[in-house]
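**Student:** Structure in structure tokens, see below.
The values are calculated or read from the model by the stated rules, or taken from the named source; none is laboratory data. All values derive from a computational prediction rather than experimental measurement. Here the Cβ is made from the backbone with ideal geometry for all residues, glycine too, and neighbour counts use every protein chain on show.
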Amino acid sequence: MPTPIEFYFDFSSPYSYIASEQIEDLAARFARTVQYKPILLGAVFKVAGSAPLTELYAPKARYSVRDFARSAHCAGVPYQHPSRFPIASLAAKRGVVWLQQHQPKLAVPFIHAIYRAFFVDDRNISDAAVVGDIAREVGIDPDEFAAGVQQLETKERLKSEVDQAIAAGVFGAPAIVVDGELFWGNDRLPQVERWLEKGPF
């Protein structure tokens, strides 16, 4: 069996959202699956000595906001720049980790629902109550979910995911790993496709 495509993401990353709307169809064309790996971009940026694009040089920040929308449009992905950005999404990422362990069939629908809530509907995914509402909308018991994201095991598992990502050389999101090869950014999807189709280059 071909190895899964590893998809490292943060819910505050517009480019991760755009790529997440495309990666599963791309993987399926080449009989691959996608393994979603939530990370904490703040922790990754601290190690990498980086920062969110919108917190850098002002002209680059303005360009980035425009490019988020333009990139989404070119990909045919709905996008509305959130009124709160960037944003912490710890409860949502812990939710992914918990679902992957306890309700794996709902993990991917939850990921897409969180992303669309933030980048289409402008919902405040830093609010644990909002995240719980989104979980319920996906078919997850909100009380069970709320308890799950607070479990020490869940918190430690997310921390471990971040540590593994940093050890693997991840320095931003999305980071897409195919057969051990790291591709950074939504704009590298054509290279990912070329690799899947014809192999290493």
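**Student:** Return the residues of region 160-178 that are at pLDDT below 95, over 15 Å from the mean Cα position of the chain (by Cα) and either of a type in the set (D, E, K, R) or not in a helix (DSSP H, G or I) (or both); say none if nothing qualifies.
**Tutor:** 163, 168, 169
**Student:** Assess whether residue 61 counts as being farther than 30 Å from residue 195 by Cα and under 12 Å from the mean Cα position of the chain (by Cα). Give the derivation first.
**Tutor:** Details: farther than 30 Å from residue 195 by Cα: yes; under 12 Å from the mean Cα position of the chain (by Cα): no.
Here the answer is no, as residue 61 does not meet what is asked.
**Student:** If you don't mind, there's one more thing I want to ask. Can you tell me which of 166, 134, 176 is more than 23 Å from residue 109 (Cβ to Cβ) and in contact (Cβ under 8 Å) with a residue 24 or more places away in the chain? Walk me through it before giving the result.
**Tutor:** On the way: 134 fails: more than 23 Å from residue 109 (Cβ to Cβ); 176 fails: more than 23 Å from residue 109 (Cβ to Cβ).
Exactly one residue qualifies, and that residue is 166.
**Student:** Considering (1) farther than 22 Å from residue 81 by Cβ; (2) modelled with pLDDT of 95 or more; (3) surrounded by fewer than 17 Cβ atoms within 10 Å (Cβ to Cβ); (4) not aromatic (Phe, Trp, Tyr), say which one residue 103 fails and leave the rest.
**Tutor:** Unmet condition: (3).
**Student:** Could you check residue 195 against (1) within 26 Å of residue 118 (Cβ to Cβ); (2) part of a helix (DSSP H, G or I); (3) in contact with a strand residue (DSSP E or B) (Cβ under 6 Å, 6 or more places away or on another chain) and say which number it fails?
**Tutor:** (1)
**Student:** Residue 123 versus (1) of a type in the set (Lys, Arg); (2) under 22 Å from residue 8 (Cβ atoms); (3) over 13 Å from the mean Cα position of the chain (by Cα): which is the lone unmet condition?
**Tutor:** Every condition holds for residue 123 apart from (2).
**Student:** Ok, one more. Quick check, is residue 95 surrounded by fewer than 18 Cβ atoms within 10 Å (Cβ to Cβ) and not acidic (Asp, Glu)?
**Tutor:** On the way: surrounded by fewer than 18 Cβ atoms within 10 Å (Cβ to Cβ): no; not acidic (Asp, Glu): yes.
Taking the combined requirement at face value, the residue does not satisfy it.
**Student:** Cβ-Cβ distance below 8 Å, separation of 6 or more or different chains: which pairs start in region 42-61 with a residue that is acidic (Asp, Glu) and end on one that is at pLDDT 70 or above?
**Tutor:** 55/61; 55/86
**Student:** Within region 144-175, restricting attention to residues that are within 13 Å of residue 38 (Cβ to Cβ) and of a type in the set (Gly, Ala, Ser), which residue is surrounded by the most Cβ atoms within 10 Å (Cβ to Cβ)?
**Tutor:** My answer is 173.
**Student:** For region 33-51, state whether one or more residues are more than 17 Å from the chain's Cα centre (by Cα) and at pLDDT 95 or above.
**Tutor:** Among the residues of region 33-51, not one is more than 17 Å from the chain's Cα centre (by Cα) and at pLDDT 95 or above, which makes the answer no.
**Student:** Here's something else I'd like to know. Quick one: which helices (runs of 4 or more DSSP H) sit completely within region 23-136 and have at least 1 residues that are touching a strand residue (DSSP E or B) at 6+ places or on another chain (Cβ under 8 Å)?
**Tutor:** Numbers: elements: 41-48, 58-75, 90-102, 104-119.
Helices (runs of 4 or more DSSP H) meeting the threshold: 90-102, 104-119.
**Student:** Another question, if that's okay. Within region 8-22, track down each residue that is part of a strand (DSSP E or B) and out of contact with any Pro (no Cβ under 6 Å at 6 or more places or on another chain). Outline the logic, then answer.
**Tutor:** Initial filter on region 8-22 (part of a strand (DSSP E or B)): 8-9.
Hit for region 8-22 is 8, nothing else.
**Student:** Hey, can you tell me all the residues within region 1-14 that are buried (at least 18 other Cβ atoms within 10 Å of the Cβ) and out of contact with any strand residue (DSSP E or B) (no Cβ under 9 Å at 6 or more places or on another chain)? Let's see the steps before the verdict.
**Tutor:** Residues of region 1-14 buried (at least 18 other Cβ atoms within 10 Å of the Cβ): 5-14.
Matches in region 1-14: 12, 13, 14.
**Student:** Read through the list (1) at positive phi; (2) at pLDDT 95 or above; (3) not acidic (Asp, Glu), then give the number of the only condition that residue 146 fails.
**Tutor:** (1)
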